[in-house]
Each structure stands twice: as C-alpha cells, then as structure tokens.
Amino acid sequence: MATAVSIELDDHLQRFIAYLQKSRRITSRQAAIDLIKAGYYQQVRQLYSQYSKGDITFRRMAKELGLEYRQLYTLLEELNLPLA
Amino acid sequence: MQNRKRKISTLFDSGALITSAKFSVRGRLIIDHVVDCCRVNLSPEIKHETIDMGLLFGYQDAQDLAHRLEMRNFLVLNSVARDSALESALTNLGLENADCAVVHTYKHMSNQTKLITDDHRLFIATTRLGLSPIFLPDLILLLVNKAWMNVALASEILEAMQPRYAKGFIELAHKRLKGVI
C-alpha cells in the first residue's frame, strides 16, 4: 500500500535531490524515493549487523524496523541475508 | 525398533520453525522429518508469530504448519507464570516480550528438552542461564547421534536449509556429520 507524504527538505537535501535529478535524469519525486529507500536499507543493514553479532535479538530488530517477526524473516530472505 | 525409542523433546523458536517449514527433502518438509524423531512443543507466542501471523500474511509455510498443528504433530503449551526477577534480567539483556516468553516456557520444561533457536542473542542468554539451546542444524546432528536419523538424510536436510544460514555454519555441521571435526 503506497502512502503519499508531503515533506519540507532542508537546503542540503534540496541540493542533493537536484543533483540526483540531473545526474541520473530522473524526477525529483524519484530522487526522493531513491534517497529514502537508500536510508531505509542502510538502517536494515546496520540492525542486521547488530543482530548477526548477537547484540540484539531478531525480535528487537523487527521492532526497530516496525515489522512483525514474519515480515522481517521475509525481508532477510529477499535480501539474501542468513538467519544465523 | 525406532517407535519404542523416546522422542527428543524440543521447544522451537519462531525462526527455526519457519525455516523447517520452508524447505523439503525427499518430498517432505524438514519439520516432518523432525516430527518423526521429536516432540515439537511451541509456546503460545511462537504459535502466534509463526502460524497466526503467517496465515494473516498468506504464507504457504504457515498453512503447512497450521495443518500439522491440526494433525496434532505439535503441542502448543499453556502460558507459564513469569518469574519477575528473571523477567527483569532478561529485559536488561535486551530480550523482547516473546523472547522472554520462550525463556520462561523453557525454564518450566524438563532438562531433557532442547530449545531450538537460530537467534544468537537468545542463544547466549539461555546458555548463561544454564540452559541448553541448540541451533536447528545442530538438532539434525543430534538426531544422527541419537540414531534417529541416518547420515545421508541429515546431509540432505542440511543442504536444503543452507540458504537461511551463513556459509560456514552449514559447512561446520557437514564436517561434524562426517566426523572430520
């Protein structure tokens, strides 16, 4: 389910999105989506790194991502990240 | 001969249960091979995470698990009273509510019961409590050691579950299976 959100970007983000728009020849909307996705997957990888080292449990990782246990299991499958 | 042997008592954590319901060997899910040799117990929280939520999201493995639950292949245990001192210690170790439920349930089970978890943090916490958790691949090795399963089948099961484990993890299990280590 897609959700539309309206946000104000600070000067740095505006410049970066304008740069992405030009360099990748994409719309500002697509540039913003790419940026948010990149941030999300970076967060997933950081939490996964903590999980795989035993610093946090799988359930804590799910909670930090706003996911149910099942959804996180599937996400790790999709990203080809092992459970143990 | 096998039927007279006492099955190994297990308490499954969610990740290990889902993995064992996702992969098949010789036309049967891994969990079916496990049920041949083990009494599979689940806490209510694990049933909720794996079966109830899995059905809600439409996962095939949840349907397979639900079917096996109907067939009484698993036993869902009653919720146990939580010891407040233990609960506090587990929370301080960073365990979440369902993690704690697994530990409390496991503490109430016999010493012979094996907790099957693939969660390193939960593994460490339960080990520090003097309990004996094992990873799912190591359960397969245990079944071979206890003469419940032959080496060939165990090897195929380890191979099948490989996608959910880091490379060295299954490699070590294979080496132990072959007696190299």
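No lab work stands behind these numbers, since they all come straight from the coordinates. Bear in mind the structure is a predicted one, so any value in this text is a computation, not a measurement. Neighbour counts are summed over all protein chains in view; Cβ atoms, including those assigned to glycine, are modelled from backbone coordinates with ideal geometry.
For chain A, calculate the relative contact order in percent as a whole number, restricting contacts to Cα pairs under 8 Å that are 6 or more residues apart. Relative contact order, chain A: 13 percent. Distance between the pseudo-spin-label points of residue B:178 and residue A:2 (7 Å out from Cα toward the beta carbon): 5.2 nm. Just to confirm my numbers, what's the Cα centroid distance between the range A:16-47 and the range B:117-181 in Å? Measuring centre to centre over Cα atoms gives 40 Å. Scaled against 2.2 N^0.38 Å for its residue count N, the alpha carbon radius of gyration of chain B is 1.01.
The C-alpha atoms of the range A:34-84 occupy a region whose extents along the principal axes are 29, 20, 20 Å, arranged from largest to smallest.
Fewest Cβ neighbours within 10 Å first, please rank A:78, B:159, B:49 accordingly.
Working: A:78 8, B:159 13, B:49 24.
Ascending Cβ contact count within 10 Å gives the list A:78, B:159, B:49.
Residue order for A:40, B:165, fewest other beta carbons within 10 angstrom first, comes to A:40, B:165.
Calculated FRET efficiency, residue A:78 and residue B:6, Cβ-Cβ r, R0 41 Å, to nearest 0.05?
Efficiency at R0 = 41 Å is approximately 0.55.
Just to confirm my numbers, what's the Cα centroid distance between the range B:1-51 and the range B:65-109 in Å? Each part reduced to its Cα centre gives a spacing of 16 Å.
A Förster radius of 30 Å, combined with the Cβ-Cβ distance separating residue B:80 from residue B:167, puts the computed FRET efficiency at roughly 0.20. Each 5 Å bin from 0 upward holds the following percent of the Cα-Cα pairs of the protein assembly as shown: 1, 5, 12, 15, 17, 15, 11, 7, 5, 4, 4, 2, 1, 0, 0, 0.
So, counting K/R as plus one and D/E as minus one, what does the shell of residues with Cβ under 15 Å around residue B:11 add up to? Let's see the in-between values first.
Working: positive: B:7, B:39, B:47, B:107, B:114; negative: B:13, B:45, B:49, B:99, B:118, B:119, B:138.
So the surrounding residues net to -2.
Can you put A:24, B:68 in order, fewest other beta carbons within 10 Å first? It would help to have the intermediate numbers written out before the result.
Working: A:24 11, B:68 18.
Lowest to highest Cβ neighbour count: A:24, B:68.
Counted by Cβ distance under 14 Å from residue A:67, the other residues give a net charge of -2, where Lys and Arg count +1 and Asp and Glu count -1. Charged side chains reduced to their Cβ positions (Lys and Arg at +1, Asp and Glu at -1) give chain B a dipole of some 860 debye around its Cα centre. Quick check: the angle from helix A:28-52's long axis to the longest principal axis of chain A, C-alpha only, nearest 10 degrees? It is inclined by approximately 20 degrees.
Note on residue B:28 and residue B:56: their simple-model spin labels are 3.2 nm apart, each label 7 Å out from Cα toward Cβ.
Only one residue of A:72, B:108, B:50 has its Cα farthest out toward the positive end of the dipole of the protein assembly as shown, where Lys and Arg carry +1 and Asp and Glu -1 on Cβ, and that residue is B:108. Straight Cα distances below 25 angstrom link residue A:22 to the lysines A:37, with same-chain residues fewer than 8 positions distant left out.
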